[in-house]
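Colleague: Below you'll find the structure I mean.
The values are calculated or read from the model by the stated rules, or taken from the named source; none is laboratory data. Bear in mind the structure is a predicted one, so any value in this text is a computation, not a measurement. Cβ sites come from the backbone with ideal geometry, for glycine too, and all protein chains shown count toward neighbours.
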Amino acid sequence: MKRWVIVALITLLICGVMSVSAQDDVLEPTSERVELTAGDGRILVGDLYIPADIANDGTPAILLMHQNQSNRDMWQPILPTLLDNGWVVLTVDLRAHGETGGKVDWTLAQEDTQLWIAHLMTVEGVNPTKIALMGASIGSNLALVGCAVNPSCLTAVALSPGLNYFGVQPEIAVSEGLRTRSALLIAAQNDRTSALAVRQMAGSSTGVLEMRVYRGGHHGKDLFKEELESVQSLIVSWFKDVFAD
């Protein structure tokens, strides 16, 4: 009887070791802090996330830009989902926000967007022809405008965009700059400024564009609080379609 007990204990120990080893073998995404120097000398700060199974032949990459009075951490609710799909992700702090700091300057912020895109294109493993931008509120306006003027950008996803946030006006970017590419516009019905903007931009677009208006009045990152699963699924499906082309 003792012999069988000993054998059982040894078996449990072996299984336990194998289980720990299997867990140790699970690859996790990696991240690194990124600092870029803008044209005016401002140090721009972001976090670059690399999925565990990054493809050798070139992985799509997504630049995320937060809304006003927020920072790059606002993307934490959706970040794991993007990485699980194997995409490289760069989250950044806009001027006068987070660790980038400085003074508000939305004109220079548009130039900063191009610096971040250029940096993404140089990341090892990234396919420079499969770059996407996504933003919230003013970040979404920057994403639409930034994508429109950069041919390396395939698509822009805009959470709660407006026709004019702080002088950044994306309607022409959508109707003309992205007419041969694509955009996904997302807003909430009672977020009137954004809902009207989304409908107007969709009406003037001649490119590939999808519009989704949710119930309620949540703006930008607050859409994650109310509609996280639905918004995530919509965004992931959009990126999969675009990156597959």
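Colleague: Within region 132-186, can you find the residues that are in contact (Cβ under 8 Å) with a residue 40 or more places away in the chain, aliphatic (A, V, I, L, M) and more than 19 Å from Glu210 (Cβ to Cβ)?
Modeller: Ile138, Leu142, Val168
Colleague: Might you let me know whether region 116-129 holds any residue that is surrounded by 15 or more Cβ atoms within 10 Å (Cβ to Cβ), at pLDDT 95 or above and more than 17 Å from the chain's Cα centre (by Cα)?
Modeller: no
Colleague: Which one is surrounded by the most Cβ atoms within 10 Å (Cβ to Cβ), of the residues in region 33-68 that are charged (D, E, K, R) and modelled with pLDDT under 95?
Modeller: Once the filter is applied, the top-ranked residue is Asp53.
Colleague: Next question, about the same structure. Hey, could you check region 190-245 for residues that are polar (S, T, N, Q) and assigned to a helix (DSSP H, G or I) and say which is surrounded by the most Cβ atoms within 10 Å (Cβ to Cβ)?
Modeller: Filtering first and then ranking leaves Ser194.
Colleague: Is it the case that region 194-212 has a residue that's closer than 20 Å to Leu142 by Cα, under 15 Å from the mean Cα position of the chain (by Cα) and not small (Gly, Ala, Ser)?
Modeller: no
Colleague: Look through region 134-152, keep the residues that are of a type outside the set (Val, Ile, Thr) and over 20 Å from Ala195 (Cα atoms), and return whichever of them is surrounded by the most Cβ atoms within 10 Å (Cβ to Cβ). Full working, then the answer.
Modeller: Residues of region 134-152 that are of a type outside the set (Val, Ile, Thr), as a first pass: 134-137, 139-144, 146-148, 150-152.
Applying the additional criterion that residues be over 20 Å from Ala195 (Cα atoms) yields 146-148, 150-152.
Working: Gly146: 28, Cys147: 32, Ala148: 23, Asn150: 16, Pro151: 12, Ser152: 15.
Taking the candidates together, the pick is Cys147.
Colleague: Mind listing whichever residues of region 176-189 are over 20 Å from Ser237 (Cβ atoms) and either basic (Lys, Arg) or in a strand (DSSP E or B) (or both)? Walk me through how you get there before you give the answer.
Modeller: Just the residues of region 176-189 that are over 20 Å from Ser237 (Cβ atoms), to begin with: 176-177, 179-180, 189.
The one that is over 20 Å from Ser237 (Cβ atoms) and either basic (Lys, Arg) or in a strand (DSSP E or B) (or both): Arg179.
Colleague: Can you pull out every residue in region 153-175 that is surrounded by 17 or more Cβ atoms within 10 Å (Cβ to Cβ) and either basic (Lys, Arg) or not in a strand (DSSP E or B) (or both)?
Modeller: Ser160, Pro161, Gly162, Pro170, Glu171, Ala173, Val174, Ser175
Colleague: Can you give me the number of residues within region 38-87 that are assigned to a strand (DSSP E or B), closer than 15 Å to Ile131 by Cα and either of a type in the set (Gly, Ala, Ser) or without any contact (Cβ under 8 Å) to a residue 60 or more places away in the chain (or both)?
Modeller: 2
Colleague: Further, regarding this structure: Taking Leu178 as meeting all but one of (1) under 20 Å from Gln67 (Cβ atoms); (2) crowded, with 22+ Cβ neighbours inside 10 Å; (3) not β-branched (Val, Ile, Thr), write down the number of the exception.
Modeller: (1)
Colleague: Take Leu90 and decide whether it is over 16 Å from Leu185 (Cα atoms) and assigned to a helix (DSSP H, G or I).
Modeller: In short, no.
Residue by residue, here is whether (1) under 11 Å from Leu184 (Cα atoms); (2) modelled with pLDDT of 95 or more; (3) under 14 Å from the mean Cα position of the chain (by Cα); (4) of a type in the set (A, V, I, L, M, F, W, C) holds:
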{"residue": "Ile131", "(1), (2), (3), (4)": "no, yes, yes, yes"}
{"residue": "Met134", "(1), (2), (3), (4)": "yes, yes, yes, yes"}
{"residue": "Ser137", "(1), (2), (3), (4)": "no, yes, yes, no"}
{"residue": "Val145", "(1), (2), (3), (4)": "no, yes, no, yes"}
{"residue": "Ala148", "(1), (2), (3), (4)": "no, yes, no, yes"}
{"residue": "Cys153", "(1), (2), (3), (4)": "no, yes, yes, yes"}
{"residue": "Ala156", "(1), (2), (3), (4)": "yes, yes, yes, yes"}
{"residue": "Gly162", "(1), (2), (3), (4)": "no, yes, no, no"}
